[in-house]
1. Taking the range 463-494 as the region of interest, how many residues are at pLDDT below 75, of a type outside the set (Gly, Ala, Ser) and either in a helix (DSSP H, G or I) or touching a helix residue (DSSP H, G or I) at 6+ places or on another chain (Cβ under 9 Å) (or both)?
2. Quick one: Ser653 ticks every box in (1) over 18 Å from the mean Cα position of the chain (by Cα); (2) modelled with pLDDT of 75 or more; (3) within 24 Å of Leu388 (Cβ to Cβ); (4) buried (at least 18 other Cβ atoms within 10 Å of the Cβ) except a single one, so which number is it?
3. Out of curiosity, is Asp180 in contact with a strand residue (DSSP E or B) (Cβ under 9 Å, 6 or more places away or on another chain) and in contact (Cβ under 8 Å) with a residue 40 or more places away in the chain?
4. Restrict the check to the range 526-537 and report whether at least one residue is at pLDDT below 85, within 24 Å of the chain's Cα centre (by Cα) and within 25 Å of Val166 (Cα to Cα).
5. Mind listing whichever residues of the range 165-199 are modelled with pLDDT under 95, assigned to a helix (DSSP H, G or I) and farther than 17 Å from Ala35 by Cα?
6. Look at Glu144 and say whether it is over 25 Å from the mean Cα position of the chain (by Cα) and not in a loop (DSSP other than H, G, I, E, B).
7. Restricting attention to the range 249-279, which residues are closer than 17 Å to Leu295 by Cβ, more than 29 Å from the chain's Cα centre (by Cα) and not in a loop (DSSP other than H, G, I, E, B)?
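The values are calculated or read from the model by the stated rules, or taken from the named source; none is laboratory data. Fair warning: this is a prediction, and the values are worked out from it, not measured in the lab. Every residue, glycine as well, gets a Cβ built from its backbone with ideal geometry; the counts of neighbours run over all protein chains shown.
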Amino acid sequence: MIATNSSGKAMPDRAPATAALYPLSGHNDFIAVRAAGHLVRAGGVLAGLALLAMALIMCFEIGSRSLFNSPTSWATEISTYLLVAVVFLGLGVAQSNNSHVQVELWVDRLSTEARRKVELICQWSGLFFVMMSVWQMAAFNAREYFNDTRDWGLLSTPQWIPQLPVSVGLLVYALAILIDIYRLKPPPGNARRWALPLLALALLAALVSLGRHSVLVSAGRFDWGTIAIAAFMVLGMLAWSGLRTALHVVVLLGALSLLYWAMRGQSLALVGTLLVASMIFLLLFGVRIALALGLVGMFGVYFLLPRPQLSLLAERAWSSTNTFTLSAVPMFIFMGGLLLKSGIVSGMFDSLVRWFGRTPGGLAHASAGASAIFAAVSGSSIATAATLGKVACPEMIERGYSPRLTYGITGAGATLGILIPPSIPMIIYGTTVGASVTHLFMGGVLPGLLLMFMFMLTAFVWALGWRGSAPAARAYTMKEKLVSSTGMVPFVAIIFVVLGSMYAGIATPTEAAAIGALAAYILCLVRKKIDVQGLFAVALDTARVSAMLLLIVVGASIFSWVFDYIRLPREIVALITHAGLDPWIVVALMTLIYLVLGMFIESIAMMLMTLPVTFPIAMALGMDPIWFGIFLVLMIEIGLITPPMGMVLFVLSSMSGKVTFVQIALGVLPFVAVMLVFLVLLYTFPDIVLWLPQQIK
């Protein structure tokens, strides 16, 4: 039901439900579509090269600073600009591989033809936001060029240079969406095929003639640029997708426009309800999460403000990704991809099997332990689920473990991927709220280990209490255990390199990710598991997944700006404060909300959507931002394995063979209950989170 992953390895490029909708071969495509496809692939190649350059520059900076006491003045700035290039130039290949996250709860139940029609509506709706963003970013880029705006850093870089990949990447992203629209329903006849490219050229000429600033219609709210893009959309839909699709999209976006127009000046409760309801509607309808967030934010800045501020689309696209801390996201994904390529996971699992062999449910304990170890080097629950789903689950089923216990412990163990450091959601949380990523990493260590032991205890009770759920325990000799322990050495080395360099002060969390990627690459070379082509394939895959994740950050940034502008978080905090509710009641309500949201919405999107409201509430109640960050990650973890939308469940389902989704969902429910109990434990004893961070300065 979700056609994506956060590791690049978990699921096929197109989920089974959507595979029939998108013919992957473009040999017979219209010439303009083939040309657009070449541009999309070129953007992906540039994104992959930018990722490799970013990794090399970060490693060079660490070596220059640590070994020769000669820090560079340019590495951080250039690495950040390369991150922006990776994100936006990778958007097109992410679209072409259907990697952008989509809630398919409703559309998954439709027939193929009905699904195709809904997909067309969703793609055209998302394209409207992308086209508006392309226009605003290009105008922003031009203003920066003519004003000679420069960065405040030591390089004093002209800002139009690093901003150019944003404009180009968004344009390529729009082309990738149009390619999918064409393949969903190819228009008949050359006249209709050529109509849209000609309309695009006319739109380009119109926008260029309007200049770098919005030109209002009779000094009103509407501007000629928006009208030109809307006209292109309507005529393009008529040419390529037909009258019915055009009517559906016009009704959908037109109704939202009228609703937002009518809500101007209304109470905060009504406006807030509209924002949340329209977003949930778009998500459930099937619009990609990042684009749904962007659409709602765009309607907000256009209709809810005294004057439209469409330039915010460009400013948020640039500022929300132009952050060095976020460079850790693609670096950890890159490291995880290289570790999967190295083939060392099987050796680690075999070693744990021998050490836990005597214990009832020994393979289940080995799976939980392997999840914790892999989490300490990957930073991704999806990567952990994908890896253990391939390595542990077939082994457990073959040896007589029940499908529910097998996939239950594997799914639960996978959630440790975002709790035990390094953690991609922790990096994004820390960047968003201004909390120390290093302290967040330290705060996740003890909770991660305790939760792993609670999972093991649950598997132990399950194996003893339910006959047939696990085979008889088998003892291994000490010699077998010691010999197998060599399989742990690579992981111990990677963990030592990543966490050791960070906590020793040699590298920041972002730089430690680059060191880990380098160590993983060296491991691949030693094991002769990679060549230049394989390295670039992992880099391209990383760029695709990073683009998908950080586009959600961009959409959430626009959405949250509207929330902040209308002062909704402040009013909610004041309401809760004046209500005099006990903190535990507020925390319980937040947990319930996150549990429900986790059933339907992707984890990072859920976090970014809710932080503008939940973080101020937590701070008003006197909670520590580090403790709340770990507590939030735990709530997100529960969402990863909560039916019907838990992403980990679908990753495991995609590789489970004859095991049904229902069996997997039933298998994880006991572990969901364990995690809820653990939340109570953390609330009661907050030092479980805070003790380690308090030990470092």
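1. 3
2. Failed condition: (2).
3. Answer is no for this residue.
4. No: the range 526-537 contains no residue that is at pLDDT below 85, within 24 Å of the chain's Cα centre (by Cα) and within 25 Å of Val166 (Cα to Cα).
5. Matches in the range 165-199: Leu184, Ala191, Arg192.
6. When the stated conditions are applied, Glu144 passes them.
7. Across the range 249-279, the qualifying residues are Val250, Val251, Gly254, Ala255, Leu258, Leu259, Trp261.
For every residue, the table says whether it meets (1) touching a Gly at 6+ places or on another chain (Cβ under 7 Å); (2) buried (at least 19 other Cβ atoms within 10 Å of the Cβ).
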{"position": "Ile572", "(1), (2)": "no, yes"}
{"position": "Pro583", "(1), (2)": "no, no"}
{"position": "Leu597", "(1), (2)": "yes, yes"}
{"position": "Ala605", "(1), (2)": "no, yes"}
